[in-house]
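**Student:** Quick one: this structure, given as structure tokens, is what I'll be asking you about.
What follows draws every value from the coordinates through simple rules; no lab data is involved. Quick caveat, the model's predicted, so the values are computed rather than measured. For neighbour counting, all protein chains shown are included, and Cβ atoms are generated from backbone atoms with ideal geometry for every residue, glycine included.
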């Protein structure tokens, strides 16, 4: 089936950046902004995207929040690129207008608080979909990294990973590839989804090293970062395997690749740097939020820890770095002391 039209919900960084490879494949893209994006959409109609700092491709059609039904009309595929907090309200509204067989591809990372129950995004989406359409099957794809939105919009070579359980669906998403946007496919949603979520958490820890050691004029601290990077991947792998997913996703783009790019640059590592410098974690989160920068790792750490504890709180003991980061962010522990304590217990046995 030739893909002629795709809808993208969420006009922030990644939602807008994905319009570039889609448009370069000759696809008409309906870009819809949430109720928080109305001003952004209006500005895009008259000039460059205020976050990407460039004009969106010509085939992109822009829709304000009141035009959701129009944005979804005739869409053969749906990308959702809103925050985890906004995912369920947006998906719920979209289901009233979505074509029956339209696959859903999510660029959203993290966990969902569904009326007090913490769920993976795919599980929350499936539950909502079944309530809405009990006789239909949700065609779901989780999109992982490592793709920075600004680089993608500038056509910098990037590779991403799409996870789904149906091989024919994975074959079809190859239609979105370009010379600069390459797509690897993986037949496990959990592996891609959990790797993409938890890498934001562990990138905070790597960012803390910048805050701790730059202030002390210690120019190099690669040894410590190497320990944290290695342990981060080990713990993500344990989480994926424990959840019934394929841990090979961790050693692919969704894990190693995405953690690398997020730790090198990104809002989560910047947040970690602020905390490492001594800023109170909640204050640092709110400071970045005022600059319209949502720290996904903050919410993922909070909800992810709850999600693990609800499944088996004993499992936390196998994740010493995650536990240390939670103590720093939510219990007020000193970042340098807590990371040094983590290192004193390293290496950890299997």
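**Student:** Mind listing P(r) for region 134-214? All alpha-carbon pairs, 5 Å bins, whole percents.
**Tutor:** Percent of Cα pairs in each bin: 3, 13, 19, 18, 17, 13, 7, 5, 3, 1, 0, 0.
**Student:** In nm, what is the difference between 0.36 nm times the number of residues separating residue 36 and residue 4 and their Cα-Cα distance? Don't jump to the answer; show the numbers that get you there.
**Tutor:** On the way: separation 32, 0.36 × 32 = 11.52 nm, distance 2.78 nm.
Result for the pair: 8.7 nm of gain on full extension.
**Student:** Quote the Stokes-Einstein diffusion coefficient, in whole µm² s⁻¹, for region 168-239, based on the Kirkwood radius over alpha carbon pairs, a temperature of 10 °C and a viscosity of 1.306 mPa s. Spell out each step's value before the answer.
**Tutor:** Working: Rh = 14.9 Å.
For these conditions, the coefficient is 107 µm²/s.
**Student:** Assuming a viscosity of 0.692 mPa s and a temperature of 37 °C, what translational diffusion coefficient in µm² per second does Stokes-Einstein assign to region 1-82, Rh being the Kirkwood radius over Cα pairs? Mind showing how you got there, number by number?
**Tutor:** Numbers: Rh = 12.2 Å.
D = 268 µm²/s.
**Student:** Share of antiparallel DSSP beta bridges in the chain, in percent to the nearest 5?
**Tutor:** Numbers: 8 of 33 bridges.
Antiparallel: roughly 25 percent of the beta bridges in the chain.
**Student:** Now, a different point. With r as the distance between the Cβ atoms of residue 251 and residue 219 and R0 = 22 Å, compute the FRET efficiency 1/(1 + (r/R0)^6) and round to 0.05.
**Tutor:** On the way: r = 31 Å, r/R0 = 1.40.
Using R0 = 22 Å, I get an efficiency of 0.10.
**Student:** In a solvent-free Debye calculation with one equal scatterer on each Cα, what is log10 I(q)/I(0) for region 80-143 at q = 0.25 Å⁻¹, listed in the order of the q values?
**Tutor:** Result of the Debye calculation: -1.19.
**Student:** Any chance you could run the full-extension gain for residue 327 through residue 241? It's 0.36 nm times the residue separation minus the Cα-Cα distance, nm to one decimal.
**Tutor:** Numbers: separation 86, 0.36 × 86 = 30.96 nm, distance 2.41 nm.
Using 0.36 nm per residue and subtracting the Cα-Cα distance, I get 28.5 nm.
**Student:** In a Gaussian network model over the chain where Cα atoms closer than 10 Å are linked, find which of 162, 213, 271 has the largest mean-square fluctuation.
**Tutor:** Its mean-square fluctuation being the largest, the pick is 213.
**Student:** As I understand it, the value is the acute angle between the Cα axis of helix 222-242 and the longest principal axis of the Cα atoms of the chain; what does it come to in degrees, rounded to 10?
**Tutor:** Between the helix axis and the principal axis of the chain, the angle is about 60 degrees.
**Student:** What's the angle, to the nearest 10 degrees (0 to 90), between helix 189-214's Cα axis and the longest principal axis of the chain?
**Tutor:** 50
**Student:** Please rank 342, 87, fewest neighbouring Cβ atoms within 10 Å first, as an exposure proxy.
**Tutor:** Numbers: 342 21, 87 25.
Listing 342, 87 from fewest to most nearby Cβ atoms yields 342, 87.
**Student:** Among 44, 102, which comes first, second and so on when ranked by fewest other beta-carbon atoms within 10 Å?
**Tutor:** Working: 44 22, 102 18.
Fewest-to-most Cβ neighbours within 10 Å comes out as 102, 44.
**Student:** Arrange the following residues from fewest to most other Cβ atoms within 10 Å of their Cβ: 222, 252. Spell out each step's value before the answer.
**Tutor:** Numbers: 222 9, 252 21.
Going from least to most buried by this count: 222, 252.
**Student:** Roughly how many nanometres apart are two label points built 7 Å out from the Cα toward the Cβ at residue 279 and residue 93?
**Tutor:** About 3.0 nm separates the two model spin labels.
**Student:** Binning at 20 Å from 0, report for the chain what percent of all alpha-carbon pair distances ends up in each bin.
**Tutor:** Pairs per bin, as whole percents: 31, 58, 11, 0.
**Student:** What percentage of all Cα-Cα pairs in region 57-107 are separated by more than 15 Å?
**Tutor:** Working: 612 of 1275 pairs.
That tail contains 48 percent of the Cα-Cα pairs.
**Student:** I've got another one for you. Between 0 and 90 degrees, rounded to the nearest ten: what's the tilt of helix 320-331 against the longest Cα principal axis of the chain?
**Tutor:** Taking Cα atoms only, the helix is inclined about 80 degrees.
**Student:** Quick one: check the C-alpha center-to-center distance for region 230-273 versus region 40-103, whole angstrom.
**Tutor:** Region 230-273 and region 40-103 have Cα centres separated by 28 Å.
**Student:** Which log10 I(q)/I(0) values, to two decimals, does region 190-344 give at q = 0.08, 0.10, 0.12 Å⁻¹ under the Debye formula with one point per Cα?
**Tutor:** -0.20, -0.31, -0.45
**Student:** Can you tell me the length gained on complete extension of the stretch residue 309 to residue 69, counting 0.36 nm per residue apart and subtracting the Cα distance?
**Tutor:** On the way: separation 240, 0.36 × 240 = 86.40 nm, distance 3.92 nm.
Value of the extension gain: 82.5 nm.
**Student:** Once the Cα atoms of region 5-187 are picked out, what are the Rg and Dmax in Å?
**Tutor:** 15.4, 44
**Student:** Here's another thing I want to ask about it. Whole angstrom only: what separates the Cα centroid of region 126-175 from the Cα centroid of region 276-328?
**Tutor:** 26
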